[in-house]
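Worksheet: the structure to be examined is printed underneath.
Just so it is clear, none of the values below were taken in a lab; they were calculated from the coordinates. Everything quoted here is computed from the prediction, not taken from an experiment. Positions of Cβ are generated from backbone atoms using ideal geometry, with glycine treated the same way; all protein chains shown enter the neighbour counts.
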Amino acid sequence: MPVSILILPGLGNSGPDHWQTWLERRHPDARRVEQGDWDQPGRDAWVDALEAAVTAAAGPVVLVAHSLACSQVAHWVGRGSAGHASVGRVAGALLVAPSDVDSEAHTPPEVRCFAPVPLAPLPFRATLVASRNDPYVAFDRARFVAERWGAAFVDAGEQGHINVASGHGPWPEGERMLLDLIAGAERP
């Protein structure tokens with residue numbers, strides 16, 4: 001059965017030149033999870049939107065999260081441990097440039113409603129990609145979160161927030177990581 005790819009942008013959505021949008025155009029099976037308010041996120045609303053998207057998806061699901069959406073995934077998994085989410089449908093997640101919602105120094109106030117970020121292991125294969133000079137998370141904090149989540153950790157070097165502002169429109173390295181997760185999901 002084909003894998004469904006769910007694109008999860010962070011605060012403000014991912015614009016037309018963002019690597020997530022580039023991936024959407026390259027993979028017709030990818031679908032963006034829309035939020036009611038991209039600029040004033042509400043944790044429960046964002047988690048509910050992810051639950052609805054996973055429930056509606058056909059076959060196994062691979063998540064592609066950027067920034068705040070990495071915390072969205074962790075909160076959704078936490079809700080799923082109480083039996084309220086379709087967590088078992090997810091075969092993998094690419095978690096890129098997580099914002100540190102627990103740090104007032106690294107994140108804007110509108111994302112603090114996602115604090116504290118759950119640190120329980122994710123029940124699916126995950127890869128977390130972090131930059132050494134991301135203004136929204138300290139590199140050591142990103143590595144710590146990856147360890148706690150049980151995610152493979154990728155040191156992206158000095159790549160900023162891995163977004164358009166840091167030069168990441170087309171991002172072949174990210175697509176290779178996504179394809180690896182998809183291949184793992186398609187194996188019996």
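Among Ala146, Ala74, Ala165, which one moves the most in a GNM of the chain with springs linking Cα atoms closer than 10 Å?
Its mean-square fluctuation being the largest, the pick is Ala165.
Where the eigenvalues come from the Cα gyration tensor of region 12-80, what are the semi-axes √(5λ) of the equivalent ellipsoid, largest first, in whole Å?
Values: eigenvalues 72, 52, 20 Å².
Listed largest to smallest, the semi-axes of region 12-80 are 19, 16, 10 Å.
Specify the longest stretch of the chain that does not include any exposed loop site, a site being one of the GluC sites (Glu not before Pro) with a non-H, G, I, E, B DSSP assignment and at most 16 other Cβ atoms within 10 Å.
35-103
Round to a whole angstrom and tell me the spacing of the C-alpha centers of region 103-127 and region 27-49.
Each part's Cα centre sits 16 Å from the other's.
Helix-only mean residue ellipticity at 222 nm, the chain, DSSP H runs n ≥ 4 weighted -39,500 (n - 2.57), per residue, nearest 500. What is it?
Dividing the helical sum by the residues of the chain leaves -10000 deg cm²/dmol.
DSSP loop (so not H, G, I, E, B), at most 15 other Cβ within 10 Å: list which chymotrypsin sites (Phe, Trp or Tyr not before Pro) in region 1-100 pass both filters.
Details: sites: Trp19, Trp22, Trp38, Trp46, Trp76; in loops: Trp38.
Of the chymotrypsin sites (Phe, Trp or Tyr not before Pro), the ones in loops of region 1-100 whose Cβ has at most 15 other Cβ atoms within 10 Å are Trp38.
Under a Cβ-only charge scheme (Lys and Arg +1, Asp and Glu -1), can you give me the dipole magnitude of region 4-186 about the Cα centre, in debye to the nearest 20?
Rounded to the nearest 20 debye, it is 380 debye.
Compute for the chain: radius of gyration divided by Kirkwood radius, i.e. Rg/Rh, restricted to C-alpha atoms, rounded to two decimals.
Using Cα coordinates only, the ratio equals 0.92.
Could you tell me the relative contact order of the chain? Use alpha-carbon pairs under 8 Å, at least six residues apart, and round to a whole percent.
RCO, the chain: 23 percent.
Would you order Ser99, Ser4 from fewest to most other beta-carbon atoms within 10 Å of each residue's own beta-carbon?
Ordered from fewest to most neighbouring Cβ atoms within 10 Å, Ser99, Ser4 come out as Ser4, Ser99.
Which value, in Å to one decimal place, does the Kirkwood hydrodynamic radius take for region 96-165 when every pair of different Cα atoms is included?
12.3
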